[in-house]
Amino acid sequence: MQVVGLCRFSYPAEGGFQIEHDTLEARRAFLYDPARLEERFRHFEAVTLPGLTAQTDPDFAFLIVIGDDLPDPWLTRLMDLVAGFPQARVVAEAPGPHRQVMQKVLNRAREGRDDLCLQFRHDDDDAVAVDFVARLREAANDCAGLLARNRMVAFDFNRGYIARPSAQGIVAEETMTPYWGVALATAVRPGVKQTIMNFGHNKLNRFMPTVTFTDSAMYVRGHNDFNDSRQKKNITRPDLVPLDAETRAIFRDRFAIDEDQVRGIFA
């Protein structure tokens, strides 16, 4: 059973963003703005990587899709950050239609395999719990009959936190939100070319059976000024409060996120 995660790291896709740009040049200028990239890198280092590198089940691949024109020093900085993360594969792609490019990248990772593929999408400012891969594989085994009767099945771990890291530490709010795009995966049968990236994450239940788990915190959803989902009007503003001793321990034990390290990265 193969497990593959996909992260778009400032990839200049055609489509795929809630905020639109008139030209590819305008999108590149937005994505590669130094202030934006600096924030993305800090979130990636402080929030995203700790939980992924600490997975209790290390048998997975993590594809980081970048534009083939990501400039230095950012490209070098990214390669340095993932140098100690053997599951990471940095994939450089020319700009192209979002869904088609992501489908190609995921299916290329499946070449030579004829087993079930568990796929998850992951933003560069989010985190998953250290047992996410293990829980995902367990869920697939528990639902073997359902998977045998369907081309694709989704697994949604919908309990977690919204969090904003900074030089002052972390402010957060617990949440339970279905089909949010983090700690959300699809099981794809052999021979099926569609991938998790062919569907809007909040619409998966329209196209396939879904199984939901609410028993434990499985994700941290990053909250920052450059969230694509926060670029439009009438957005929901969560009530974020500083971590107390209990939530600080949850962040450390469930996500390998250390608040002192976060302060240092954002200082």
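To the nearest 20 Debye, how big is the dipole of the chain about its Cα centre, given +1 on the beta carbon of each Lys and Arg and -1 on that of each Asp and Glu? Spell out each step's value before the answer.
Working: 33 positive and 38 negative charges, 200 e Å.
The calculation lands at about 960 debye.
Would you calculate, for the chain, the mean residue ellipticity at 222 nm contributed by helices, counting each DSSP H stretch of 4 or more residues as -39,500 (n - 2.57) and dividing by all residues, to the nearest 500?
Details: 9 runs with 78 residues, N = 267.
One gets -8000 deg cm²/dmol as the mean residue ellipticity at 222 nm.
At what distance in nm do the modelled label points of Asp239 and Arg77 sit from each other, each positioned 7 Å from its Cα along Cα→Cβ?
3.6
Against the globular-protein guess of 2.2 N^0.38 Å, express the Cα radius of gyration of the stretch 87-134 as a ratio, rounded to two decimals.
1.33
Would you work out which of Val101, Phe85, Ala26 lies farthest towards the positive end of the dipole of the chain, given +1 charges on the beta-carbon of Lys and Arg and -1 on that of Asp and Glu, about the Cα centre?
The one lying farthest along the dipole's positive direction is Val101.
Every number in this text was worked out from the coordinates using simple rules, so none of it is lab data. Since this is a predicted model, take the numbers as computed values, not measurements. Virtual Cβ from ideal backbone geometry, glycine too; neighbours counted across all protein chains shown.
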